[in-house]
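Input: a single structure, listed below in structure tokens.
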Amino acid sequence: MASVLINLATILSLTLPLLLIFSQPHAALWTDATEDEDSFYVLDEPLPNLRSRSRFLASVIKKGTHCDPVNDNVCNGISANNGTSLLYCCKTHCRNVLGDRNNCGACGQKCKLGELCCTGTCINIAYSADNCGKCDNKCSPGLKCQYGTCGYA
């Protein structure tokens with residue numbers, strides 16, 4: 001009976017920290033905070049070579065649009081969303097290299113666990129005072145970023 005209780009206590013002591021890690025507010029460390037509800041990139045300048053029936057369709061690119069890096073590259077260094085996105089053809093899809101965790105700064109450059117792609121650089125958002133918990137979330141002067149929260153106590 002005593003060995004059962006010891007085993008149960010051991011299991012609980014190992015699983016309790018995992019439950020705490022995956023509960024709020026730490027969940028922000030593993031979610032992609034750069035994903036928007038919008039499904040389009042609004043181009044800073046319309047594409048002149050896109051044959052389109054409307055001016056609107058020439059000024060947007062759907063997220064994940066199929067592209068061919070050799071022949072039909074619709075997203076080769078295209079600036080979008082007022083300069084906050086930079087689109088490149090990664091494999092066969094348009095990707096924002098300034099905010100895509102799998103193509104951060106360049107195609108195929110992946111961020112590690114707990115990092116987000118902030119302006120093309122992989123940042124550990126758990127301890128960055130300039131990107132605390134998400135990109136461009138600066139802590140107030142005197143507060144440290146710990147576990148993705150400014151002034152965590």
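The values are calculated or read from the model by the stated rules, or taken from the named source; none is laboratory data. Please read all numbers here as calculations on a predicted model, not as lab measurements. We place every Cβ from the backbone using ideal geometry, glycine too, and count neighbours over all the protein chains shown.
Assigned to a loop (DSSP other than H, G, I, E, B) and more than 28 Å from C67 (Cα to Cα), is that true of K110? Don't jump to the end; show me each part of the working.
Details: assigned to a loop (DSSP other than H, G, I, E, B): yes; more than 28 Å from C67 (Cα to Cα): no.
Taking the combined requirement at face value, the residue does not satisfy it.
Please tell me if Y127 is part of a loop (DSSP other than H, G, I, E, B) and hydroxyl-bearing (S, T, Y). Don't jump to the end; show me each part of the working.
Numbers: part of a loop (DSSP other than H, G, I, E, B): yes; hydroxyl-bearing (S, T, Y): yes.
For Y127, the condition - part of a loop (DSSP other than H, G, I, E, B) and hydroxyl-bearing (S, T, Y) - is met.
Test each condition in (1) at pLDDT below 95; (2) among the hydrophobic types (A, V, I, L, M, F, W, C); (3) in contact with a Lys or Arg (Cβ under 6 Å, 6 or more places away or on another chain) for L143 and report the one that comes out false.
So L143 meets the others, but not (3).
Those residues that are among the charged types (D, E, K, R) and in a loop (DSSP other than H, G, I, E, B), I need them from the range 78-107; list them, please.
K91, D100, R101
Collect the residues in the range 123-153 that are at positive phi, surrounded by 13 or more Cβ atoms within 10 Å (Cβ to Cβ) and in contact with a strand residue (DSSP E or B) (Cβ under 8 Å, 6 or more places away or on another chain), keeping them in residue-number order. Talk me through it step by step, then tell me what you get.
Here is the first cut: in the range 123-153, the ones at positive phi are 133, 136, 142, 147-148, 151.
Adding the requirement that they be surrounded by 13 or more Cβ atoms within 10 Å (Cβ to Cβ) leaves 133, 147-148.
Passing the criteria: only G133.
Any residue in the range 63-89 that's within 24 Å of C135 (Cβ to Cβ) and crowded, with 17+ Cβ neighbours inside 10 Å: show its pairings with residues that are of a type in the set (V, I, T) and modelled with pLDDT of 90 or more at Cβ separation under 8 Å, as long as the two are six or more apart or on different chains.
Partner pairs satisfying both residue conditions: L86/V97; L87/V97; Y88/V97.
Please state which of the following conditions L116 fails to meet, knowing it meets all the rest: (1) touching a residue at least 40 places away in the same chain (Cβ under 8 Å); (2) in a loop (DSSP other than H, G, I, E, B).
Exception for L116: condition (2).
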